[in-house]
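Below is one structure, written out as structure tokens; comments come after it.
The values are calculated or read from the model by the stated rules, or taken from the named source; none is laboratory data. All values derive from a computational prediction rather than experimental measurement. Cβ sites come from the backbone with ideal geometry, for glycine too, and all protein chains shown count toward neighbours.
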Amino acid sequence: MSSSDRPRSAELAALTAIAAQVNCTQDLDEILSAALKTTLEVIGETTGEIFLIDEETGALILSTYQGLSEAFVHEEATVGPDECICGQAIRAQRPITVADLETYPARTRQACLREGFQSCIRLPLLARGEVLGLLNIQSRDHRQFTEADQELLVAIGHQIGIAIANAQLIKDAERRRATLDSVMNSLVDGLILFDRRGQIAYVNPRAAEVLGLPAAALIGQDLVMIERQWADQVLQPTQVLAELRAAAADPTGGQAVEISLTSPSARTLQAQFFSVDDQGGGHLGLGLILRDITREKELDQMKSQLLATVSHELRTPLASIKGFATTLLREDVEWDEASRREFLTIIDQESDRLAELIGNLLDMSRIEAGTLRVEPELVDLRPIIQETATAFQQMAPLPIVLHLPPTLPTVLADPRRIRQVLRNLIENAIKYSPDGGTITISVTTTADHLQVSVSDQGIGIEPDKLTNIFDRFYQVDTSPTRRVGGVGLGLSICRAIVEAHHGQIWAESQPGIGSTFHFTLPLALSPGLIETE
Ligand code: ADP
């Protein structure tokens with residue numbers, strides 16, 4: 001239909017239909033294909049296409065089309081930013097019409113001529129002064145697109161431009177929201193946002209977990225809900241909740257409130273409020289960060305405990321060495337040979353104790369600095385276990401029994417370090433068996449590793465402590481009445497040594513019955529070990 005015999009009402013109807021589609025639908029593909037159909041109908045043509053401009057490359061990406069052959073569509077799926085009449089129209093930011101494509105070879109693509117197109121109009125789709133896409137209509141006649149055609153198409157192009165801009169805004173907002181969501185969801189700290197009225201507007205999964213309530217139950221509630229939730233779980237609730245309220249009232253003060261929870265498990269949280277303001281400084285609400293500082297508190301306590309224990313552990317042998325040395329030096333007493341030997345033996349043993357403690361502290365600092373070295377060689381563990389056990393047997397107050405197979409496969413290990421692990425485990429077995437019993441050392445082998453187990457019939461360990469005991473400075477009994485020495489480093493050093501050998505260490509125990517400590521070492525010919533080399 002040419003512009004001269006097109007009634008004004010048809011143009012208006014087309015424009016209204018496209019505007020309605022833009023306002024009612026959010027699906028851009030649907031809007032574009034309906035708009036193209038309506039446009040072709042009102043302009044009286046059968047072939048056309050809409051391209052969207054790729055925001056990054058500026059290339060034109062074919063989005064919807066009508067009346068075009070598969071070959072053409074395939075060839076024209078992407079058009080470079082500066083190519084043909086399309087590029088010209090985009091740069092000019094206005095429609096470009098060509099009444100005879102044959103006479104416009106420099107800018108006409110072969111594909112258009114092959115399809116038999118004689119004329120065309122390229123209409124940039126604009127929004128906010130920016131070209132977001134291109135509406136192309138081609139004709140197999142030598143059609144002169146009139147002023148009236150162009151006016152109508154510009155109006156239509158405007159509507160489509162708005163639809164594209166809206167879709168981009170929605171996509172952008174969704175992308176930003178998705179990024180924000182993943183950041184919030186992966187935050188290790190809990191985050192709660194309160195709106196201006198003090199109602200909870202957002203709760204990240206960690207905060208919901210810390211509070212023990214689903215996020216949905218918290219949205220729309222206020223701080224009172226959190227206080228109520230904590231009222232019977234917090235140590236000294238009256239004081240803590242008052243501090244929390246004061247911190248909320250003065251979020252810029254940066255005051256952190258420490259909350260000791262007693263249930264469902266004992267934990268320490270740190271709560272800190274901050275003010276949420278918009279870019280213009282307007283107040284939007286409050287944020288609350290909840291950090292679980294249980295581990296930090298424990299480490300802190302352990303460090304203080306360590307200082308006390310190390311000083312004590314150093315002082316005891318030192319006092320004994322000093323005492324016996326002074327005694328031996330007394331000029332007014334003549335010591336017989338047996339007493340002299342006894343005193344010197346004690347000095348010797350206590351010096352060993354000191355040296356061992358200092359060695360452990362040094363090993364620990366090497367482990368922390370990542371410089372603990374193991375020097376593996378091919379070794380037979382049998383004599384190493386036998387020698388270590390024999391050394392203890394001579395002085396141990398309880399029997400040590402060995403269950404060793406007649407021969408053991410070779411392992412790749414540092415013999416000095418493995419002796420250290422064995423000594424530690426046997427020493428512990430003796431130390432924590434105040435009422436005696438037997439210590440048993442056994443070895444089993446599997447296809448790829450060898451497992452050494454040291455069992456005792458001592459005091460045992462509560463199940464919930466079985467993994468903690470391998471943490472540095474951890475001791476089950478830290479009471480001042482603790483009867484045995486040690487600073488809580490032995491097992492963590494054992495773990496570091498065994499892991500440096502690609503092995504594992506763990507404990508099994510029944511309180512009051514006894515404990516077994518197992519560690520594994522890969523066999524020298526184990527497939528796993530060869531692979532890692
Ligand atoms: P410590 O110097 O205190 O012995 P370790 O690291 O060797 O340090 O052990 C950590 C804690 O594990 C000990 O304080 C003790 O509570 C527990 N433990 C270790 N071995 C045994 C055992 N054989 N029986 C019972 N408890 C043990």
Requested in this report: Inspect all residues belonging to the range 517-531 and state whether any of them is assigned to a loop (DSSP other than H, G, I, E, B), modelled with pLDDT of 95 or more and over 35 Å from the mean Cα position of the chain (by Cα).
Outcome: no
Query raised in the report: Within the range 464-483, how many residues are outside any helix (DSSP H, G or I), within 7 Å of the ligand (Cβ to nearest atom) and of a type in the set (A, V, I, L, M)?
Result: 1
Query - Hey, T467 at pLDDT below 95 and either surrounded by 21 or more Cβ atoms within 10 Å (Cβ to Cβ) or not assigned by TED's automatic domain parsing to the domain that holds I400 (or both) or not - result: no
Query - Residues within the range 506-522 that are touching a residue at least 60 places away in the same chain (Cβ under 8 Å) and away from the ligand (no atom under 11 Å from the Cβ), tallied - result: 5
Query raised in the report: For the range 315-348, what are the residues that are closer than 15 Å to G485 by Cα and modelled with pLDDT of 90 or more?
Result: L318, A319, S320
Query raised in the report: So Q26 fits all but one of (1) in contact with a Ser or Thr (Cβ under 9 Å, 6 or more places away or on another chain); (2) loosely packed, with under 15 Cβ neighbours inside 10 Å; what number is the exception?
Result: (1)
Query raised in the report: Taking R143, is it assigned to a loop (DSSP other than H, G, I, E, B), more than 25 Å from G285 (Cβ to Cβ) and in contact with a helix residue (DSSP H, G or I) (Cβ under 9 Å, 6 or more places away or on another chain)?
Result: yes
Report summary line: Here, strands (runs of 3 or more DSSP E) confined to the range 375-417 with at least 3 residues that are among the hydrophobic types (A, V, I, L, M, F, W, C) and in contact with a Leu (Cβ under 7 Å, 6 or more places away or on another chain) are 411-413
Query raised in the report: All but one of (1) in a loop (DSSP other than H, G, I, E, B); (2) within 37 Å of the chain's Cα centre (by Cα); (3) without any contact (Cβ under 8 Å) to a residue 60 or more places away in the chain hold for G458; which doesn't?
Result: (2)
Query raised in the report: Which is farther than 21 Å from G436 by Cα and more than 11 Å from the ligand (Cβ to nearest atom), of V487, V498?
Result: V498
Query raised in the report: Is there a residue in the range 302-317 that is under 27 Å from the mean Cα position of the chain (by Cα) and under 30 Å from G254 (Cα atoms)?
Result: yes
Report summary line: Going through the range 498-516 in order, the residues found to be in a strand (DSSP E or B), among the small types (G, A, S) and surrounded by fewer than 22 Cβ atoms within 10 Å (Cβ to Cβ) are A507
Requested in this report: Could you look through the range 271-295, keep only residues that are out of contact with any Ser or Thr (no Cβ under 8 Å at 6 or more places or on another chain) and farther than 24 Å from R197 by Cα, and pick out the one that is modelled with the highest pLDDT?
Outcome: R291
Query - Subset of the range 76-106 (residues that are surrounded by 17 or more Cβ atoms within 10 Å (Cβ to Cβ) and on the phi < 0 side of the Ramachandran plot) - result: E76, V79, I85, C86, G87, A89, I90, P95, I96, T97, V98, L101
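For every residue, the table says whether it meets (1) at pLDDT below 95; (2) more than 19 Å from S509 (Cβ to Cβ); (3) within 12 Å of the ligand (Cβ to nearest atom); (4) of a type outside the set (D, E, K, R).
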| site | (1), (2), (3), (4) |
| --- | --- |
| M395 | yes, yes, no, yes |
| L402 | no, yes, no, yes |
| T407 | yes, yes, no, yes |
| L422 | no, no, no, yes |
| K431 | yes, no, yes, no |
| G436 | yes, no, no, yes |
Requested in this report: Give the residues of the range 323-344 that are surrounded by 10 or more Cβ atoms within 10 Å (Cβ to Cβ) and out of contact with any helix residue (DSSP H, G or I) (no Cβ under 7 Å at 6 or more places or on another chain), sorted by residue number.
Outcome: G323, S339, R341, E342, L344
Query raised in the report: Residue check: is I192 closer than 30 Å to D222 by Cβ, in contact with a helix residue (DSSP H, G or I) (Cβ under 7 Å, 6 or more places away or on another chain) and outside any helix (DSSP H, G or I)?
Result: yes
Query raised in the report: Hey, does the range 306-322 have a residue that's among the small types (G, A, S) and touching a helix residue (DSSP H, G or I) at 6+ places or on another chain (Cβ under 6 Å)?
Result: yes
Query - Those residues of the range 36-65 which are among the aromatic types (F, W, Y) and either modelled with pLDDT under 90 or out of contact with any Phe, Trp or Tyr (no Cβ under 9 Å at 6 or more places or on another chain) (or both), in sequence order - result: F51
**Report entry** Flag if T444 is away from the ligand (no atom under 11 Å from the Cβ), assigned to a strand (DSSP E or B) and crowded, with 18+ Cβ neighbours inside 10 Å
**Finding:** no
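For every residue, the table says whether it meets (1) among the hydroxyl-bearing types (S, T, Y); (2) without any contact (Cβ under 8 Å) to a residue 24 or more places away in the chain.
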site: T238; (1), (2): yes, yes
site: R245; (1), (2): no, yes
site: F273; (1), (2): no, no
site: L290; (1), (2): no, no
site: T294; (1), (2): yes, no
site: T316; (1), (2): yes, no
